[in-house]
Each structure stands twice: as structure tokens, then as C-alpha cells.
Amino acid sequence: MNNSKENQPSFFDPVNLLIAVIIIAVILIISVSNLLENPESRQIRQTAEKKTEIICQRL
């Protein structure tokens, strides 16, 4: 008599839980940093992104 419930891995394994917590933490950190971005740093970032796009297009 093979009980199939014992062979199925639990969704709340410590490894899965750790990975989920890390992913949620990264999402929260990125969200908070985007909310706290001031206009000066936004302008600097956008300029850098445009220059990066130009460089990548030339490659």
C-alpha cells in the first residue's frame, strides 16, 4: 500500500520559503527605491539609459 501523499513534496519546504522571501524582499526594495527617487536622480538615470541604448545599438 503506497501512500501518495507522503511522496509529494510540501509547498512550504524551507528552501521554497526562503526563495519566496528573497524574491518578495527584492521586489519591495525596488518598489521603495522607485518611490523615493527624486527628479534629479531620475534625470541622471534616464540620461544614462539613453546613452546605454545608443551604445548597444552601435554594437
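Below is a table of values for the structure above.
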| item | result |
| --- | --- |
| Full-extension gain in nm, VAL15 to LYS51, via 0.36 nm per residue minus C-alpha separation | 9.0 nm |
| Net +/- balance of residues flanking LEU35 in space, Cβ distance below 15 Å, scoring K and R +1, D and E -1 | +1 |
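Since every read-out is calculated from the coordinates, none of them should be taken as a lab result. This is a predicted model, so every value here is computed, not measured. Cβ atoms come from the backbone with ideal geometry, glycine included; neighbour counts cover every protein chain shown.
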